[in-house]
Structure formats: structure tokens, C-alpha cells
Amino acid sequence: MVFCVFFTGSLSANSYAQSSGKESSSGTAQVTANIPQFIVLHYYSALTLNFETPTSEAIAQGDNTMSVSWDGSTSGDQLSTANLMTANLELEGTKTTVTMPNVWAVRGFSNNGLASVTVTIPTGGSELSNGTSVIGMSNVKVSDGENTGESIKTNLGGIAKASATIGSIMLDLDFSKTNRAGKHSGGQYTITAAAI
């Protein structure tokens with residue numbers, strides 16, 4: 001006698017139900033980003049310094065007595081540069097130091113989050129002139145509010161404009177060879193920012 005066993009459709013349905021459970025698999029991916037060194041330097045390509053107009057003065061130097069001969073010659077005290085009285089506008093010597101606040105900004109990426117900012121006067125850029133009247137320019141420095149010098153290290157806050165480092169320029173102007181009012185031009189400085 002032969003017995004035959006047949007599996008019906010109900011068995012197949014049970015097998016499908018058992019294999020359709022909520023199995024899952026997961027894996028973790030490591031993500032690496034290589035950021036290049038990148039510097040953005042903002043600066044004014046031209047600056048005009050409009051000096052305030054001082055009040056003109058007439059300074060009385062006191063009384064004086066002179067001896068006069070009959071041929072018209074005189075002797076006695078006379079004005080000299082040594083005895084001129086001080087005017088309201090008076091420089092220490094002939095120089096004044098001008099600070100130009102917030103005239104450059106730097107942002108970007110570097111290997112250590114720092115940048116060097118350097119300022120120099122290029123050849124031919126140390127004089128502002130108006131004919132024979134000359135203003136000398138020297139001792140140019142850069143500052144970020146914490147560090148000041150011809151070259152400084154400053155923080156890079158990243159690429160966003162809101163996190164940029166903003167700084168100033170200081171320079172000496174010498175008026176010893178200046179005798180004209182009006183526009184004196186020709187002075188230059190070069191500012192350089194580099195990742196370090």
C-alpha cells in the first residue's frame with residue numbers, strides 16, 4: 001500500500017507569514033571631509049583722508065621795543081622759529097599718526113585656524129604730493145584690536161561673513177615738506193592675508 005502526502009496551499013501561506021516578519025539590518029558609514037585652505041580678503045582700493053579745517057588764528061607775541069638808527073636800520077628782539085607761540089593746531093614735530101578703523105577684513109580656512117595679515121608700502125608709495133608740496137607716509141601698521149604690527153597673526157572665523165575678522169590700519173604722515181592746501185595723492189600701502 002502506498003501513502004501519498006500532499007501539501008496544500010494552506011501550508012504555503014503559513015510559510016510566507018513566518019518569513020514576512022520585521023527583520024532589519026543596519027550599517028554605519030564613516031564620513032570624512034577635506035577642507036582646502038581658503039582666504040578671502042576685503043579691503044578698500046582707495047581711501048581719501050579729509051582733514052578737518054582748523055580755525056585760522058592771529059597770535060599776539062606780546063610787546064617789543066627796537067632801537068632805530070637815523071639810517072633806518074633797527075636792532076632788538078625779532079621773531080624767530082624758536083620764540084613763536086603755540087597755535088591751537090600744533091603737531092608734535094611735523095608728524096601725526098592716523099588710525100583708519102575697520103578698513104580690512106579676512107575670513108576663510110587654514111590648517112590651524114589662523115592667518116597672517118601684513119602691510120607694506122610699495123616702492124614709490126611713500127609720498128603724497130601736490131606739485132612740490134609733499135606729505136611723507138611711513139610706519140604703516142595693521143591691527144586686529146589685539147595685535148598690532150607690520151605683520152600679525154589673527155584668527156580666521158570661517159567662511160561666513162558674520163564671523164570675519166575686521167581690522168585697522170595705522171600710518172604716520174609727515175608734513176615737514178607740505179606747504180599747499182588741496183589734494184595730495186600718490187600714497188599707497190599693500191595689505192596681504194595668507195593662511196599659516
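All of the numbers you see were taken from the coordinates with simple rules; none came from a lab. Worth saying up front: this structure is predicted, and the values here are computed from it rather than measured. A quick note on method: Cβ atoms are made from the backbone with ideal geometry, for glycine too, and the neighbour counts reach across all protein chains shown.
Given a Förster distance of 41 angstrom, what is the FRET efficiency for Thr32 paired with Ser138, based on the Cβ-Cβ distance and rounded to 0.05? For R0 = 41 Å, the calculated efficiency reads 0.25. Helices in the chain, meaning DSSP H runs of at least 4 residues, each add -39500 (n - 2.57). Divided by all residues, the mean residue ellipticity at 222 nm is -1500 deg cm²/dmol. For the stretch 97-109, 3J(HN,Hα) computed residue by residue from phi via the Karplus equation (6.51, -1.76, 1.60; θ = phi - 60°) reads 9, 9, 10, 9, x, 6, 10, 8, 8, 9, 8, x, 10 Hz, glycine and proline entered as x. For Phe175 and Met66, the FRET efficiency from 1/(1 + (r/R0)^6), where r spans their Cβ atoms and R0 equals 30 Å, is about 0.35. Rounded to the nearest 20 debye, the dipole size of the stretch 149-196 about its Cα centre is 180 debye, using +1 on the Cβ of Lys and Arg and -1 on the Cβ of Asp and Glu.
A straight Cα-to-Cα reach below 22 Å connects Lys95 with the lysines Lys141, Lys177, Lys183, residues fewer than 8 places away in its own chain not being considered. Once both labels are positioned 7 Å from their Cα atoms along Cα-to-Cβ, the gap between Ser56 and Ala194 label points is 5.2 nm. Shown here is the pair-distance distribution of the chain: with all Cα-Cα distances grouped in 10 Å bins from zero up to the longest one, the shares run 7, 20, 17, 13, 9, 7, 6, 5, 4, 4, 3, 2, 1, 1, 1, 0, 0, 0 percent. Pairing the Cα long axis of helix 9-19 with the longest principal axis of the chain, what angle in degrees results, from 0 to 90 and rounded to the nearest 10? Rounded to the nearest ten degrees, it is 30.
The calculated FRET efficiency for the pair Ser151 and Tyr44, based on their C-beta separation and a Förster distance of 22 Å, comes to about 0.65. Taking the fewest neighbouring Cβ atoms within 10 Å as the starting point, the ordered list for Ser45, Ser73 is Ser45, Ser73. The trypsin sites (Lys or Arg not before Pro) of the stretch 92-196 meeting both criteria, a DSSP state outside H, G, I, E and B (loop) and at most 16 other C-beta atoms within 10 angstrom of the site's C-beta, are Arg180, Lys183.
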